[in-house]
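Colleague: Got a structure for you, questions after.
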Amino acid sequence: MSTERFQPTEHPHVDKILGASGIWQAVIKGTYVRVWALVGCHKRGMDEWEILRGFPTITAAQLCDALSYYNDHKDEIEAFIEKNERAYDGLLNEEQEVKT
């Protein structure tokens, strides 16, 4: 495994970052904005301008490249989206149990 924390990808605006869990994740270059988060917003029906308002540190070109990266690496990004949705659902369930 590389000792570097960042690795370039074939996409000019997307790097891979080594997370604390030891898993490489695609991010917008120079940021910690995860590609899966941007794709998740897009899949929920947010348009480009809504996503850019929610992530003011990225540009339209970076967002387009993130979506292009997703098209080239669907299995990888879908796995992150699914994992994070399960984690979020678990937190909601725990919160509801505490309230009852």
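The values are calculated or read from the model by the stated rules, or taken from the named source; none is laboratory data. On a predicted model such as this, the values are computed, not experimentally measured, just so you know. A quick note on method: Cβ atoms are made from the backbone with ideal geometry, for glycine too, and the neighbour counts reach across all protein chains shown.
Colleague: Would you kindly identify the helices (runs of 4 or more DSSP H) lying entirely within region 1-72 that contain at least 2 residues that are under 16 Å from residue 83 (Cβ atoms)? Step through it out loud before you land on a result.
Modeller: On the way: elements: 35-43, 48-54, 60-72.
Because the criterion is at least 2 residues that are under 16 Å from residue 83 (Cβ atoms), the helices (runs of 4 or more DSSP H) in region 1-72 that meet it are 35-43.
Colleague: Can you give me the number of residues within region 9-23 that are modelled with pLDDT under 95 and surrounded by 13 or more Cβ atoms within 10 Å (Cβ to Cβ)? Don't jump to the end; show me each part of the working.
Modeller: Residues of region 9-23 that are modelled with pLDDT under 95, as a first pass: 18-23.
Applying the additional criterion that residues be surrounded by 13 or more Cβ atoms within 10 Å (Cβ to Cβ) yields 18-19.
Adding up the residues that qualify gives 2.
Colleague: Looking at residue 9 and the list (1) touching a residue at least 60 places away in the same chain (Cβ under 8 Å); (2) farther than 16 Å from residue 72 by Cβ; (3) polar (S, T, N, Q), which single condition is not satisfied?
Modeller: (2)
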